[in-house]
1. What pairs come up if the first residue lies in the range 272-293 and is basic (Lys, Arg), the second is surrounded by 11 or more Cβ atoms within 10 Å (Cβ to Cβ), and their beta carbons are under 9 Å apart, counting only those six or more places apart or on different chains?
2. Among Val145, Val119, which is under 19 Å from Ser14 (Cα atoms), under 23 Å from the mean Cα position of the chain (by Cα) and surrounded by 20 or more Cβ atoms within 10 Å (Cβ to Cβ)?
3. Confirm whether Arg103 is under 30 Å from Ile330 (Cα atoms), surrounded by 17 or more Cβ atoms within 10 Å (Cβ to Cβ) and at pLDDT below 95.
4. Between Lys294, Lys356, Lys346, which is in contact with a helix residue (DSSP H, G or I) (Cβ under 9 Å, 6 or more places away or on another chain), open to solvent by 40 Å² or more (accessible area, probe 1.4 Å) and in a helix (DSSP H, G or I)?
5. Name the strands (runs of 3 or more DSSP E) wholly within the range 215-258 that hold at least 2 residues that are hydrophobic (A, V, I, L, M, F, W, C) and closer than 25 Å to Ile146 by Cβ?
6. Tell me which of these Gly296 doesn't satisfy, since it passes every other one: (1) within 27 Å of Ile134 (Cβ to Cβ); (2) touching a residue at least 60 places away in the same chain (Cβ under 8 Å).
7. For the range 398-409, which positions are among the hydrophobic types (A, V, I, L, M, F, W, C) and either assigned to a loop (DSSP other than H, G, I, E, B) or open to solvent by less than 30 Å² (accessible area, probe 1.4 Å) (or both)?
8. Taking Asp370 as meeting all but one of (1) farther than 29 Å from Ala118 by Cα; (2) surrounded by fewer than 17 Cβ atoms within 10 Å (Cβ to Cβ), write down the number of the exception.
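The values are calculated or read from the model by the stated rules, or taken from the named source; none is laboratory data. None of these values were measured; they are calculated from a predicted model. Backbone-built Cβ (ideal geometry, glycine too); neighbour counts: all protein chains shown. Calculation scope for accessible area: heavy atoms of the full protein, side chains included, ligands and nucleic acids excluded. Shrake-Rupley method; radii C 1.70, N 1.55, O 1.52, S 1.80 Å.
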Amino acid sequence: MTPILIKTIQFFLSLSLLIVLHELGHFIPAKLFKTRVEKFYLFFDVKFSLFKKKIGETVYGIGWLPLGGYVKISGMIDESMDKEQMQQEPKPWEFRSKPAWQRLIIMLGGVTVNFILAVVIYIGMAYSYGDQYIPMDSLKDGVWVIEKEIGDEVGIQTGDKIIAVDGEELKTFNSVFVELINGNNITIERDGQRIEKEIPIDFISTLIEDEDKVRFLSFRVPFQVNKIPKTSHNKTAGFQSKDKFLTINGSEAIYRDQVMDILEKNKDKDINIEVERADGTHSNIVAHVNGEGKLGLEIGGYTMDDLQEEGYLAVETEKYTFLEAIPAGIDKGVSTLSSYVKQLKKIFNPETGAYKGVGGFAAIGGMFPDTWNWPAFWATTAFISIILAFMNILPIPALDGGHVMFLLYEMVTGRKPSDKFLEYAQMIGFFILIALLLFANGNDLYKWLFK
């Protein structure tokens with residue numbers, strides 16, 4: 001299967017699971033409170049359904065329009081806009097006849113299930129896979145700024161040790177990108193001195209403009225020869241597989257970033273390279289740098305185990321028993337939600353330019369790996385579930401949060417908004433959602449066409 005097909009299958013599998021469980025969150029309390037549910041649908045059945053079957057008083061079905069799903073609850077003003085039913089006298093089994101606290105539980109059911117699902121996935125992942133990470137303080141000689149322009153903007157240079165973001169110690173390299181995107185200030189250590197840098201307010205916009213450069217940082221990797229191609233202009237210079245660079249023209253050249261900088265300054269020149277052989281002996285090689293600043297060598301061959309064994313970094317894996325995985329999963333769910341809320345705040349601030357990164361279905365589908373990977377699939381599904389939970393609780397009419405907002409108003413004031421008001425609010429909310437949907441997917445289309 002092609003990578004796009006694999007991503008598409010994962011996207012629809014994840015989306016279907018999340019929609020069905022979200023709607024079950026409404027369906028189950030509705031049935032417990034003896035409220036009639038007329039429809040339970042995966043996807044929308046505009047004009048026709050791909051499948052439907054009536055069981056009891058509920059029609060279960062699959063629509064053709066994959067923009068979500070719904071349960072149609074009797075006596076509730078929702079996306080169906082069933083005005084005829086609402087003009088009749090309330091029936092005991094209808095949503096509008098139930099006490100406000102029961103209606104509140106029914107409306108909160110979907111987002112509650114989404115958050116619980118994410119936590120359950122995180123618990124399962126903690127128990128099954130543990131948590132593997134690179135401690136930030138284990139990086140022997142700091143970070144490698146792959147994209148220097150982006151590094152300059154945020155104030156990070158190759159060799160810096162990133163200590164904290166917004167005063168909070170940065171413990172793992174795995175979290176550095178999210179923390180930088182969410183943060184306002186960064187603390188780094190350079191040449192033994194601590195330096196405070198302000199993260200530019202539009203830093204996230206800089207990353208969005210070239211998504212290939214989002215991961216502009218890496219850990220530093222030694223420069224090691226993997227193979228000498230037969231077409232290399234240095235094939236007779238004396239290089240061997242597993243040669244590790246030590247110096248070039250007397251200057252330290254252990255890491256790839258060091259070697260690349262020196263080669264760039266020595267185009268069309270011969271250089272003297274000191275290497276360490278696989279057997280531990282040292283050798284000097286005179287090689288030529290071509291006009292592109294290349295040696296014509298295939299580099300690589302270093303694994304994470306090699307880097308760890310030679311002390312360049314550490315890779316730690318925290319294993320959990322089932323009982324230990326429960327608080328770990330809850331903590332992961334809460335921290336993921338908190339991080340997402342921080343990102344959303346930046347989206348609503350035009351100065352950050354974060355709105356450019358808002359994506360629709362293509363962006364969500366792109367979050368899945370292009371090979372089948374269960375840990376990555378479940379991690380992505382959990383994250384999307386967190387997003388759905390938060391977005392659905394926003395106080396926008398037509399979303400669960402809009403219904404909750406009006407129910408809380410009713411419970412506080414003792415006055416229920418009129419059905420006519422709720423109908424208008426539902427229509428306004430629907431148009432807001434359509435506008436957001438068009439904007440998000442329009443962003444996807446723009447990136448596809450022009451980037």
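1. Arg277/Gln240; Arg277/Lys242; Arg277/Asp243; Arg277/Lys244; Arg277/Ser283
2. Val119
3. On the way: under 30 Å from Ile330 (Cα atoms): yes; surrounded by 17 or more Cβ atoms within 10 Å (Cβ to Cβ): yes; at pLDDT below 95: yes.
When the stated conditions are applied, Arg103 passes them.
4. Values: Lys294 fails: in a helix (DSSP H, G or I); Lys346 fails: open to solvent by 40 Å² or more (accessible area, probe 1.4 Å).
The match here is Lys356.
5. Details: elements: 217-219, 225-227, 244-248.
Per the criteria, 217-219, 244-248.
6. So Gly296 meets the others, but not (1).
7. Listed by number, the residues that qualify are Ala398, Leu399, Val404, Leu407.
8. (1)
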